[in-house]
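The values are calculated or read from the model by the stated rules, or taken from the named source; none is laboratory data. Nothing here was measured: the structure is a model prediction, and the numbers come from that model. Reconstructed Cβ throughout: ideal geometry from the backbone, glycine too, with neighbour counts over all protein chains shown.
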Amino acid sequence: MTDRLIKVTTALAVVAVAAVAALISYAHMLDLVRSHGETGATARLVPFTVDGLIWAASMVILDASRRNRPVPALAGWSLAAGICATVGANVAHGATHGPIGALVSAWPALALVGSFELLMTLTRRAAPRRVRAPEPERTSLEQPHPDGARLEQPVEQAVLAEYRASLNGPGRPVSQRYLAEKYGIDRRKVKQIISGTQTPAPS
């Protein structure tokens, strides 16, 4: 219960910080875009392309991580480009107020990227639930061992044992074709195996 509470509260804190930082960063980039000639819908949508690129690249990296696959190079480059773009835009927005102004303006972008990556880390560490594989069925070639382990019985012994057992049963003994198909061997091999048996095998 404690571990789950920690994860939930951490996720909520990260999401809250990311939301606030995203709003401030968006406002900074919007002012920067408008001050450089863009207006209307274009000015309002350009900031979304920056943070949207970070989101898309992070999702691809997250998917690769959860599937234990290598991260696509394009996703890594896109994430780096998005981070540089959002931090650079916020720095440029506050650069007119000197180094401190640039740092203050850049902080929301850094907080956004950091919070977003922390959230991805929490998601990556959430181990997917594994489904237990069904117990394989024991074939006629596998015999139980006293210690619980399985020992593989040679095909020749299995064929000979089944043929001899069929001699004592009702009806005719099993055919060579049946034994060959069951154990995946040639009929001539079956004939060689059972040739030492007194009762002749049907062809």
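None of PHE116, PHE48 is farther than 22 Å from ALA13 by Cβ, aromatic (Phe, Trp, Tyr) and in a helix (DSSP H, G or I) except PHE48.
Check whether at least one residue in region 36-49 is among the charged types (D, E, K, R) and under 15 Å from MET120 (Cα atoms), and report yes or no.
Quick first cut of region 36-49, residues among the charged types (D, E, K, R) only: 38, 44.
Within this subset, residues satisfying the condition of being under 15 Å from MET120 (Cα atoms) are none.
Within region 36-49, not a single residue is among the charged types (D, E, K, R) and under 15 Å from MET120 (Cα atoms).
Given the structure, is ILE83 out of contact with any strand residue (DSSP E or B) (no Cβ under 7 Å at 6 or more places or on another chain), under 18 Å from ALA111 (Cβ atoms), of a type in the set (A, V, I, L, M) and modelled with pLDDT of 85 or more? The answer is yes for ILE83.
Taking the criterion of being of a type outside the set (Ser, Thr, Tyr) and surrounded by 18 or more Cβ atoms within 10 Å (Cβ to Cβ), the residues of region 93-119 that qualify are HIS93, GLY94, ALA106, PRO108, ALA109, LEU112, VAL113, PHE116, LEU119.
Considering (1) surrounded by fewer than 16 Cβ atoms within 10 Å (Cβ to Cβ); (2) within 22 Å of VAL15 (Cβ to Cβ), the lone condition that ALA81 does not fulfil carries the number (2).
Conditions tested, residue by residue: (1) farther than 21 Å from GLY114 by Cα; (2) in the same structural domain as PHE116 (by TED's automatic domain parsing); (3) of a type in the set (Lys, Arg); (4) within 19 Å of the chain's Cα centre (by Cα).
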{"residue": "LEU23", "(1), (2), (3), (4)": "no, yes, no, no"}
{"residue": "HIS36", "(1), (2), (3), (4)": "yes, yes, no, no"}
{"residue": "THR39", "(1), (2), (3), (4)": "yes, yes, no, no"}
{"residue": "VAL46", "(1), (2), (3), (4)": "yes, yes, no, no"}
{"residue": "THR49", "(1), (2), (3), (4)": "no, yes, no, no"}
{"residue": "GLY52", "(1), (2), (3), (4)": "no, yes, no, no"}
{"residue": "ASP63", "(1), (2), (3), (4)": "no, yes, no, yes"}
{"residue": "ALA75", "(1), (2), (3), (4)": "no, yes, no, yes"}
